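Comments concern the structure below.
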Amino acid sequence: MSILKSIKKRAGKKVKQLKLLRFHAKQKSNKRFDKKRIIICFNGQIPHGGLVDRLKGIVSFYEIAKVLDYDFFIQFNNPFALDTFLEPNKVQWQIKDEDVTYNSKSTKLVYVINNFNVNPLTLIKESKADTFLVYANIDYLNKIHPEITATDLESKWRTSFNALFKKTDLLESSLKGVENDKYIAFHTRFTTLMGDFKDTTALVLPKDEKEALILQLQKKIQSILRNNDTKCYGFSDSIKFLNTIKEKEPICLVEGNPFHMDNFDTNASLEGHLKTLLDFFMLSESDTVYFLKVGKMYHSSFSKYAAIVGNTPFKTITD
């Protein structure tokens with residue numbers, strides 16, 4: 001990373017932290033708490049990441065709350081209320097906005113967005129604060145539990161996710177309305193490569209490269225279909241790719257356009273966000289998830305964490 005880029009990154013982090021401090025200072029309260037509490041916040045004040053980024057932060061800090069025996073809450077009211085789709089299961093994590101309070105002497109703002117170096121367990125354990133307002137989008141379980149294997153980390157992640165969440169009737173009925181038979185699934189991530197939408201990346205492939213990439217992926221999908229005798233659902237951030245491949249191969253799609261919930265330029269309807277949740281749980285409930293990444297395509301955690309939640313076999317197919 002260049003010096004200039006590093007300076008800009010640090011400055012951007014400081015700006016966001018100051019913005020959050022000003023925001024929370026308006027919620028000033030002198031109330032103290034007998035038991036320490038961690039509140040992870042998704043309130044639209046800053047970019048928080050997509051669904052899986054948010055889930056990574058949530059599960060990580062719930063795990064810290066368990067280790068330290070702190071109360072744990074989730075403030076998730078932007079761009080929709082999380083409990084529209086996922087409601088508390090074994091943990092009562094809901095909190096009213098007015099109960100997300102700030103005291104300059106006893107509240108600590110924890111901003112670790114894209115911070116892969118910090119160990120948040122140590123950060124919180126060593127603080128004397130009784131309330132932690134957290135902004136996070138990374139899976140820190142390997143730092144919280146460095147002694148256990150990758151397989152055991154996935155099991156622990158799944159256990160924590162299931163303790164926190166169960167599907168609402170709306171999400172459950174919507175899933176049943178899509179598919180009740182066995183199926184496999186594949187997932188691709190292009191970001192801007194297909195020219196569908198703006199993202200943090202900027203590269204859009206020329207027409208001939210798009211066509212060559214689609215042909216390469218089509219061959220991979222044909223191989224998957226030959227080796228499976230069940231339905232196959234396709235998932236991607238590119239509706240252009242999905243519609244093109246559906247014309248060529250016998251795959252199924254979930255209705256609706258892919259949407260990134262942290263896209264501040266678009267006001268998605270609730271149906272748009274429901275589509276994201278449907279994609280995630282359709283992947284989690286499939287018999288096998290195949291993640292296709294060839295050429296200039298991008299890595300994605302979306303299907304990997306869906307497979308973790310569903311304890312579903314996950315296979316990566318590359319060049």
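The values are calculated or read from the model by the stated rules, or taken from the named source; none is laboratory data. A quick note: this is a predicted structure, and the numbers were derived from the prediction, not measured. When we count neighbours, we look across all protein chains shown, and the Cβ atoms used for this are built from the backbone with ideal geometry, even at glycine.
Whenever a residue of region 146-162 is under 15 Å from K90 (Cα atoms) and touching a residue at least 60 places away in the same chain (Cβ under 8 Å), its partners that are surrounded by 10 or more Cβ atoms within 10 Å (Cβ to Cβ) and of a type in the set (D, E, K, R), lying with C-beta atoms within less than 6 angstrom and at least six residues away or across chains, give the pairs S160/E63. If I filter region 266-319 down to residues being hydrophobic (A, V, I, L, M, F, W, C) and in a loop (DSSP other than H, G, I, E, B), which single residue comes out as nearest to K166 (Cα to Cα)? Among them, the one singled out is A268. Considering the conditions (1) assigned to a helix (DSSP H, G or I); (2) touching a residue at least 24 places away in the same chain (Cβ under 8 Å); (3) surrounded by fewer than 20 Cβ atoms within 10 Å (Cβ to Cβ), Y62 is excluded by exactly one of them, (3). The test for being in contact (Cβ under 8 Å) with a residue 40 or more places away in the chain and exposed (fewer than 12 other Cβ atoms within 10 Å of the Cβ) does not hold for D229. Of the residues making up region 275-290, just one is free of Cβ contacts under 8 Å to residues at least 40 places away in the same chain and under 23 Å from N227 (Cα atoms), namely S284. Among the conditions (1) farther than 15 Å from N77 by Cα; (2) assigned to a loop (DSSP other than H, G, I, E, B), the only one that Q17 does not satisfy is (2). If you scan region 82-97, which residues turn out to be farther than 17 Å from F281 by Cα and either free of Cβ contacts under 8 Å to residues at least 60 places away in the same chain or among the aromatic types (F, W, Y) (or both)? Matches in region 82-97: Q92, W93, Q94, I95, K96, D97. Working only within region 114-127, note down all residues that are over 21 Å from the mean Cα position of the chain (by Cα) and touching a residue at least 12 places away in the same chain (Cβ under 8 Å). Listed by number, the residues that qualify are L123, I124, K125, S127.
For region 80-102, filtered to residues that are within 24 Å of R22 (Cα to Cα) and loosely packed, with under 14 Cβ neighbours inside 10 Å, the residue that is nearest to the chain's Cα centre (by Cα) is A81. Against the definition (of a type in the set (S, T, N, Q) and over 29 Å from G272 (Cβ atoms)), how does N89 come out, yes or no? When the stated conditions are applied, N89 does not pass them. Return yes or no: is D319 modelled with pLDDT under 95 and either assigned by TED's automatic domain parsing to the domain that holds G49 or farther than 20 Å from L170 by Cα (or both)? So D319 fits the description; yes. For region 176-192, filtering for residues that are buried (at least 19 other Cβ atoms within 10 Å of the Cβ) and part of a helix (DSSP H, G or I) leaves 0. Report yes if some residue within region 74-89 is within 23 Å of K31 (Cα to Cα), in a strand (DSSP E or B) and among the β-branched types (V, I, T); otherwise report no. Checked region 74-89: at least one residue is within 23 Å of K31 (Cα to Cα), in a strand (DSSP E or B) and among the β-branched types (V, I, T).
Scanning region 195-226 for residues that are of a type in the set (A, V, I, L, M, F, W, C), within 26 Å of S286 (Cα to Cα) and touching a residue at least 40 places away in the same chain (Cβ under 8 Å) yields a total of 4. When residues in region 225-244 are screened for being assigned to a helix (DSSP H, G or I) and in contact with a Cys (Cβ under 7 Å, 6 or more places away or on another chain), 1 of them pass.
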